[in-house]
Amino acid sequence: MSDIVKEATEYRIKQIELAEAKYYKTLIATLDRIEREVISLANRLPTQDGKLIELQSAIAIRPRIKFILEKEYLAWSDTVVRTGFNKQAKRIEKAFKKIGNIPLAFQEITKGDLALIQNLKQQFFTQFKDVSNTFTRKLAEKVYTNTLVGSNFTVLEKELRQTINGIYASADDVEAQKLVSYINRNKFNKSKKAQVDKSIQTLQSKFARDRAGENMKRYAGQILNDSLRDFDATLNFNKSQDAGLTFVKYYGDIIPTTRRICRNVISGVYNKRKNGLFTIDEVNKLWSSTRWKGKKSGNPLIVRGGYNCRHQWSYVNPDWYDEAGELII
């Protein structure tokens, strides 16, 4: 018998991955526009012999940078929150209907669910807005500091580009730009992961680009990842609580970068039952007593393995399983 709980959960996970890839592609285009517009704006700063000279102009540039980020990045963020979240809510509803075996009222999106969805939209949009505010300040500080010390404009240009796009900043070097384009196109192509990793290493070594550091692309990409998955987990958690489902099972792929906590739960290391189910209390105790890199504070049913975690819980009734742990509904 096919496992409809597993199928429904993997459907949710797969659709999140597809949505993330879609929105990441538009994020790249958005940040590239921001990079071009900010550099064009900075190009109008007064210079003498190629060096920045006027603090008043450096101070006055901040509201213009803020306008660019809000016009481009917040418009992109609004699309993710409005369209992306609505579509994922429908997928959760579809998954509940496919599983069935709970009252119809809990299988559908309710008025209470709609209120929660609206609150989650506001919550996550605030996180996106925080990135916009943070990098408005950082970019303005780059302009001010470089003007204060009389840096050459080329120094400021490089810092602005890398503050926005990090390792993926635009470059005059044709080979470097080809690598950046290749990485951006294939970031979510699992079959090309090795080639993508090799391209990143080449950017770091041959072109002296530092992958670490605080750049807008890194933070925006992480919030995109976490917001889609945390939204799904939060709505799924609340609907399941309303339906009285108090047991959970963990789903998702195991890949080389999978955290040990996720790997152990999925592979059955912590199993107390043949069906691999946990009570919510058991999950809370396991998460609170275990440490790992990338762990996030909060409800483990929502934050799961932590930052960039691609796994999800599904809520079930133990009566759905036979003594051998097989699903019988």
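The values are calculated or read from the model by the stated rules, or taken from the named source; none is laboratory data. Source: prediction; values computed, not measured. Note that each Cβ is placed from the backbone with ideal geometry, even for glycine, and that neighbours are counted across all protein chains shown. In case anyone asks, the SASA skips ligands and DNA or RNA and just uses the protein heavy atoms, side chains included. Shrake-Rupley method; radii C 1.70, N 1.55, O 1.52, S 1.80 Å.
So in segment 66-83, with the set limited to residues that are aliphatic (A, V, I, L, M) and more than 14 Å from the chain's Cα centre (by Cα), which one is nearest to L41 (Cα to Cα)? Among residues in segment 66-83 that are aliphatic (A, V, I, L, M) and more than 14 Å from the chain's Cα centre (by Cα), the one nearest to L41 (Cα to Cα) is I68. Within segment 235-254, restricting attention to residues that are open to solvent by 20 Å² or more (accessible area, probe 1.4 Å) and within 18 Å of the chain's Cα centre (by Cα), which residue is nearest to A8 (Cα to Cα)? Ranking the candidates gives G252 first.
Checking the condition under 17 Å from M216 (Cβ atoms) and of a type outside the set (A, V, I, L, M), which residue from T136, T110, T145, T154 passes? If you could, list the steps in order and put the result at the bottom.
Details: T110 fails: under 17 Å from M216 (Cβ atoms); T145 fails: under 17 Å from M216 (Cβ atoms); T154 fails: under 17 Å from M216 (Cβ atoms).
None of the other options fit; the residue is T136.
Does segment 172-230 hold any residues that are open to solvent by 50 Å² or more (accessible area, probe 1.4 Å), at pLDDT below 70 and not aliphatic (A, V, I, L, M), and which are they? Correct list: D172, D173, Q204, S205, K206, D210, R211. If the condition is being of a type outside the set (F, W, Y), open to solvent by 30 Å² or more (accessible area, probe 1.4 Å) and either at positive phi or touching a residue at least 40 places away in the same chain (Cβ under 8 Å) (or both), then segment 297-329 contributes G298, N299, I302, N308, R310, N317, P318, E323, A324, E326, I328, I329. Out of K274, K239, one residue alone is within 20 Å of N101 (Cβ to Cβ) and outside any loop (DSSP other than H, G, I, E, B). It is K239.
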